[in-house]
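Visitor: The structure is given below, and queries will be raised subsequently.
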């Protein structure tokens, strides 16, 4: 009888343990896969990095200045929060059509157009985004085009700036249908709400240098409007805009503003320009605004080229806030003379950095050399008198550094290196667990087999 023969029960147990060896390894592998699959959820759940922004640079952005707000330019119907300034059109622009109720006298714009009335709102809490007050303006039974603006100084040229503000509109034709406190609009048409930034700091909301956001409706609820661009000057101007438009008259055409802010976003590059104020040169100035807006395509600043000036021309470089009248007065000219010297009209737009001719000095001859008088004066044959010819002025180009394009990256969260280490750790731990199960299950039969063989030999 072979005493070394392993009992049938032990062989069965060993075969069963060998069957569990790959099963344990498979469980470890599945645990690793589950750990790796959970990594994207971990990334999404991790808090995003904080965006670097400056403090709010706008004066009274929350419109919480205590009453009484000042009357702008002494006009009793224009009461605006401190730091802000209202703008509006007194006369209807040509692109506005007369509504049906004024069809008999379409040229009488007073039938459908007016300057809106500006007031603080503290009576209707539903028209405040936060706090106790907001800015409101409205036109009753007539259309309008208006808004608020504020100049902000001390901006580093080249910095990315972001303007945002909450706006709400209300348009009502039948007061009984709009609720007791005017809770909703009964027949809204269009209010053309938008916001903008002029990176050159102009106070003209209709100039082409203003970068505007997309228009969107905000009937009876506050919507945040936002726009970004790059500052070219050390002063930028923020604007809000509305234009009530309809084909038949609405009695109430109200706009409410609250919680505005202007911040500098992230890092910036500073463009350099060798053009000093008042430098008389013939210049070719090309400026390009690279901006990022919310919900609309970027608006470039128009490019212009200064023509060559006549010989002896003295030029003046346009500065922030200049007008044709100011420039002419500063140089003792009539506005008509300034227009003739530069071959422009009163409708020509002025840009900061543009050279304008303010005087033409005729070329003069250089006097011939004279010798001191002596007792015997030799005859000197004078050489031909040269004519003064000014050397051509250098061409000056100012180029703004464009912002890098926004790259599409993974969701913000842990660094890629940390995620790789976590994934590798999960895999190692999971496989280790599987191997541990394998070894534990595999070593036990071997020990039992050895004990059986030793027992058989003793017999």
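Just so it is clear, none of the values below were taken in a lab; they were calculated from the coordinates. Predicted, not measured: the structure shown is a model, and the values here were computed from it. Cβ atoms come from the backbone with ideal geometry, glycine included; neighbour counts cover every protein chain shown.
Visitor: For region 72-264, just the Cα atoms, rotate onto the principal axes and tell me the three extents in Å, largest first.
Guide: Reported extents, whole Å, longest axis first: 52, 38, 33.
Visitor: Additional query: Evaluate E = 1/(1 + (r/R0)^6) for residue 124 and residue 187, where r is the Cβ-Cβ distance and R0 equals 22 Å; express this FRET efficiency to the nearest 0.05.
Guide: Using R0 = 22 Å, I get an efficiency of 0.65.
Visitor: What nm distance separates the two modelled labels at residue 226 and residue 322, each placed 7 Å from Cα along Cα→Cβ?
Guide: 3.7
Visitor: Here's a follow-up. Can you work out the FRET efficiency for the pair residue 208 and residue 340, with r the C-beta to C-beta distance and R0 = 25 Å, to the nearest 0.05?
Guide: According to the calculation, E is roughly 0.50.
Visitor: Next up: Modelling each spin label as a point 7 Å along the Cα-to-Cβ direction, I'd like the residue 56/residue 422 distance in nm, to one decimal.
Guide: Modelled inter-label distance: 3.6 nm.
Visitor: How are the alpha carbon pair distances in region 181-226 distributed across 10 Å bins from zero to the largest one, expressed in percent?
Guide: All Cα pairs considered, the percentages come to 24, 39, 25, 12, 0.
Visitor: Follow-up question, since we're still on this one. Among 62-72, 224-234, 97-107, how do they line up by average Cβ neighbours within 10 Å per residue, starting with the highest?
Guide: 224-234, 62-72, 97-107
Visitor: For residue 359 and residue 216, what is the calculated FRET efficiency with R₀ set at 41 Å and r taken between the beta-carbons, to the nearest 0.05?
Guide: 0.25
Visitor: May I ask you to list the residues of region 118-162 whose amide nitrogen lies under 12 Å from a point 7 Å from Cα along the Cα→beta-carbon direction of residue 251?
Guide: 140-141
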